[in-house]
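The values are calculated or read from the model by the stated rules, or taken from the named source; none is laboratory data. For clarity, every value in this text was computed on a predicted model and none was experimentally measured. Every residue, glycine as well, gets a Cβ built from its backbone with ideal geometry; the counts of neighbours run over all protein chains shown. Ligands, DNA and RNA are excluded from the accessible area calculation, which covers all protein heavy atoms including side chains. Shrake-Rupley method; radii C 1.70, N 1.55, O 1.52, S 1.80 Å.
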Amino acid sequence: TMDKQAPMFYLKNYNFGKKDEEDSWDDDDDWGDDLLAKYADVLKKDQTDSAQDLALQKLNQVPEDDKVIVEVIRDWVNVIVSDMGICPFSQSADKAGLPVGPVHYPLSRNVRPEDVYATYWHEVDYLISNPEKDISTTLLILPAFHLGNVEAFTSFTDTLSQPLEP
């Protein structure tokens, strides 16, 4: 076998007349007052939240009170689902389905997929086990599950409906 030498490189420092105590690698001069002033608005923006950032943070805040969450969802169902006609089987937040009957709004704060599966199948069983005049539609509310990750939430919910398809 041949002995191989490790590759080497040399780092040379040319002071060009600077005193030995000076740090020739100091590049702090590049961040002088002129440059900082030029980008002050960008640097300041990074330190403060914009109105859009604050609005997004507010949207992602989950109220502590379950009644508040259910009320927000019911309002959304009234405006978006019923009033705008998104679902032809929804008359209001209280009446929907075929035949038209009461809407059930269970809320679960579970965040683990296994726990959400268990809650989901519990609600499927509840819906099947009760007469349609008592409950016609269920809207399972999961306020903290995959919050802020729409793709993960959608992928997970696809796995919930697949077993119900014929």
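Annotation note: Cβ proximity below 6 Å between a residue of the stretch 95-121 that is closer than 14 Å to P143 by Cβ and without any contact (Cβ under 8 Å) to a residue 24 or more places away in the chain and a residue that is in a loop (DSSP other than H, G, I, E, B) and small (G, A, S) (sequence gap 6+ or interchain) occurs for T119/S108.
Out of E114, E132, E165, I need the residue that is among the charged types (D, E, K, R) and in contact with a strand residue (DSSP E or B) (Cβ under 6 Å, 6 or more places away or on another chain). Which one? Explain how you work it out, then say what you get.
Working: E114 fails: in contact with a strand residue (DSSP E or B) (Cβ under 6 Å, 6 or more places away or on another chain); E165 fails: in contact with a strand residue (DSSP E or B) (Cβ under 6 Å, 6 or more places away or on another chain).
Only one candidate passes the filter, namely E132.
Among residues of the stretch 82-112 being of a type in the set (V, I, T) and in a loop (DSSP other than H, G, I, E, B), the one that is surrounded by the fewest Cβ atoms within 10 Å (Cβ to Cβ) is I86. If the condition is being touching a helix residue (DSSP H, G or I) at 6+ places or on another chain (Cβ under 9 Å), of a type in the set (V, I, T) and either farther than 16 Å from T119 by Cα or touching a residue at least 24 places away in the same chain (Cβ under 8 Å) (or both), then the stretch 135-166 contributes I135, T137, T138, I141.
When residues in the stretch 122-134 are screened for being without any contact (Cβ under 8 Å) to a residue 12 or more places away in the chain, open to solvent by less than 70 Å² (accessible area, probe 1.4 Å) and among the aliphatic types (A, V, I, L, M), 0 of them pass. In summary, V62 fulfils each of the numbered conditions (1) in a helix (DSSP H, G or I); (2) open to solvent by less than 100 Å² (accessible area, probe 1.4 Å); (3) modelled with pLDDT under 90 with the single exception of condition (1). Consider D158 carefully, then state whether it is modelled with pLDDT under 90, in a helix (DSSP H, G or I) and within 27 Å of the chain's Cα centre (by Cα). Considered against the rule, which asks whether it is modelled with pLDDT under 90, in a helix (DSSP H, G or I) and within 27 Å of the chain's Cα centre (by Cα), D158 comes out as yes.
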